[in-house]
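Step one of this worksheet: look at the structure below.
Quick note: the coordinates plus some simple rules give every number you see, no bench work behind them. Please read all numbers here as calculations on a predicted model, not as lab measurements. So basically every Cβ, Gly included, is an ideal-geometry build from the backbone, and we count neighbours across all protein chains shown.
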């Protein structure tokens, strides 16, 4: 391995904390939102379901990059109004926060589809058994939800990887992540191996996450192998 390539790795790694913070924060926030929305969808409230489906359609039907641009550049169109709320305006003007918000909302839409699909796939007999015991829909969800989420882990692990890869788009706004450092370095050296180094870093992160998710899935579904 050449000295230049090692230098590239060291330089690009400066963006690793930002990439990881964006990815982990986005994954956790999106997961929480998705669980809530999946439960709300399962309650079968027509008007509420329409609002949630509208949100899902918007964020799954438009590119993540467009969402990042809208969230980052959009508030500047209302600067005079938002400046009256300095704390909020400072937060919404932060490139990191805007990238985090876009990643969270985008991933939450996809994750809601995964979790809700898993809940719908739970055998009808389990819902009927809870109903026979006199449980309402909310009480039934408390019983069914853990099982449904465990069954969703296999598909959800792919979404976790997609979120980490999606953080690379944050480099399109002033966020100093792995990809931003790669672009900056490439502007100086014009060496394609810079992006090979960046790819290796993303591969290491996603490979580690995949292994972790497989371990979690194996332990969560151990009851099926007994």
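For the chain, the longest principal axis of the C-alpha atoms and the axis of helix 46-61 are separated by about 30°.
Per-residue ellipticity at 222 nm from helix content only, as computed over the chain with -39500 (n - 2.57) for each DSSP H run of at least four residues, stands at -26500 deg cm²/dmol. Fully extending the segment from residue 143 to residue 14, taken as 0.36 nm per residue of separation minus the present Cα-Cα distance, adds 42.0 nm.
Can you give the relative contact order of the chain as a percent, counting alpha carbon pairs under 8 Å and 6+ residues apart? Could you put the intermediate results ahead of the total?
On the way: 211 pairs, mean separation 74.4, N = 226.
Taking the mean separation of contacting Cα pairs over the length of the chain, I get 33 percent.
Tell me, what is the percent relative contact order of the stretch 109-198, built from C-alpha pairs under 8 Å that lie six or more residues apart? Mind dumping the intermediate values first?
Working: 44 pairs, mean separation 21.6, N = 90.
Relative contact order for the stretch 109-198 comes out at 24 percent.
Judged by the gyration tensor of its Cα atoms, with axes a ≥ b ≥ c, the stretch 111-226 is prolate; a/c meets the 1.5 cut and a/b is the larger of a/b and b/c. Estimated translational diffusion coefficient (Stokes-Einstein, Kirkwood radius over Cα pairs, 37 °C, 0.692 mPa s) of the stretch 46-111: 255 µm² per second.
Quick one: angle between helix 137-166 and the longest Cα principal axis of the chain, in degrees between 0 and 90, rounded to 10, please. Roughly 20 degrees, rounded to the nearest 10.
Summary of the geometry: the stretch 177-226 and the stretch 69-114, compared by the centres of their Cα atoms, lie 25 Å apart.
Could you work out the relative contact order of the stretch 43-126, using alpha carbon pairs under 8 angstrom and six or more residues apart, expressed as a whole percent? Can you show the working numbers first?
Details: 35 pairs, mean separation 29.6, N = 84.
35 percent.
Of the peptides 173-180, 48-55, 103-110, the order by per-residue mean of other Cβ atoms within 10 Å, starting with the highest, comes out as 103-110, 173-180, 48-55.
Quick check on the stretch 73-179: take the gyration tensor over C-alpha atoms, sort the square-rooted eigenvalues as a ≥ b ≥ c, and tell me if it's rounded (a/c under 1.5), prolate or oblate. Write down the numbers at each step before the final one.
Values: a/c = 4.73, a/b = 2.04, b/c = 2.32.
Cα axes put the stretch 73-179 in the oblate bin.
Take the Cα of residue 81, step 7 Å toward its Cβ, do the same at residue 28, and the gap between the two points is 3.3 nm. By how many degrees, 0 to 90 and rounded to 10, does the Cα axis of helix 16-42 deviate from the longest principal axis of the chain? For helix 16-42, the angle is close to 20 degrees. Taken along its three principal axes, the alpha carbon spread of the stretch 1-156 comes to 66, 52, 26 Å, from the longest extent down to the shortest.
I need the shape label for the stretch 1-89. Rule: rounded when a/c is under 1.5, else prolate if a/b > b/c, else oblate, with a, b, c from the alpha carbon gyration tensor. It comes out oblate by the Cα gyration axes. For the stretch 106-159, the Stokes-Einstein estimate of translational diffusion at 37 °C and a viscosity of 0.692 mPa s comes to 280 µm²/s, using the Kirkwood hydrodynamic radius over alpha-carbon pairs.
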